[in-house]
């Protein structure tokens, strides 16, 4: 929305005003960090609690982490195809203006934000593994249909894809933290760093693919990425094992 109504009409100099929003975000997050430091339990308590959560070997934990990173790869490679190239796709295929295409991108990004928030409580209620199953593999029919859809159905499909795919990240992150209790910082750094790294590499790779072929080819190729979600089968049922012991 800001790009459509501020940056495009007023130029790149208008971006400077956005730094005030970033400054406000920094202040809020810094205060959240201080609150978290004062209220979190000790590392020893968290690790002793985590020992009771699962009895997996280090090899099993490493294998599960590798599966989760593969799912992150699938998720962010597909997401970057929409966040970076969706406007060009709409302009090329449907003849939209840059400003109108930005509004469609806003709708998609809004669905991603909603999915990220929804994924947490849904994972608490239904379990992390089912959410991961659904959020990665469940979008496969939508991604297959997307390259062949008209503008109306493209909008509907991208909303479903955004909500469903984004709900995976919180479930994946919490699942990984349960695999490695007491190492919240390390796990968060690993997964956030890997996610942003994959997004950067994906943007470059998909941009090269679009230059060599066409923007439509990007979405044909990326439509098969959710099949990597089949690797979820190899994730141990940590929550089921914990419930059985209880």
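The values are calculated or read from the model by the stated rules, or taken from the named source; none is laboratory data. Because the structure is a prediction, the values reported are computed rather than measured. Heads up, the Cβs are rebuilt from the backbone with ideal geometry, glycines too, and the neighbour counts pull from every protein chain shown.
A few comments on the model shown:
- Test: residue in region 144-160 that is within 17 Å of residue 70 (Cα to Cα) and either at pLDDT 90 or above or buried (at least 17 other Cβ atoms within 10 Å of the Cβ) (or both): no
- Tally of residues being within 30 Å of residue 220 (Cβ to Cβ) and touching a helix residue (DSSP H, G or I) at 6+ places or on another chain (Cβ under 6 Å) across region 52-68: 2
- Checked against (1) buried (at least 16 other Cβ atoms within 10 Å of the Cβ); (2) within 25 Å of the chain's Cα centre (by Cα); (3) farther than 24 Å from residue 203 by Cβ; (4) modelled with pLDDT under 85, residue 50 meets all criteria but (2).
- Whichever residue in region 112-129 is modelled with pLDDT of 90 or more and surrounded by 20 or more Cβ atoms within 10 Å (Cβ to Cβ) and, among such residues, is nearest to residue 170 (Cα to Cα): 115
- From the list 132, 136, 117, the lone residue that is free of Cβ contacts under 8 Å to residues at least 12 places away in the same chain and either touching a helix residue (DSSP H, G or I) at 6+ places or on another chain (Cβ under 6 Å) or more than 14 Å from residue 161 (Cβ to Cβ) (or both) is 117.
- Only one entry of 226, 147, 236 meets the criterion of being in contact (Cβ under 8 Å) with a residue 24 or more places away in the chain and part of a loop (DSSP other than H, G, I, E, B), and that entry is 236.
- Applying the criterion of being free of Cβ contacts under 8 Å to residues at least 60 places away in the same chain and under 19 Å from residue 229 (Cα atoms) to the residues of region 171-191, the residue that is surrounded by the most Cβ atoms within 10 Å (Cβ to Cβ) is 171.
- Test: residue in region 78-98 that is at pLDDT below 90, under 17 Å from residue 151 (Cα atoms) and over 11 Å from the mean Cα position of the chain (by Cα): yes
- Boolean, residue 208 is part of a helix (DSSP H, G or I) and either in contact (Cβ under 8 Å) with a residue 24 or more places away in the chain or surrounded by 14 or more Cβ atoms within 10 Å (Cβ to Cβ) (or both): no
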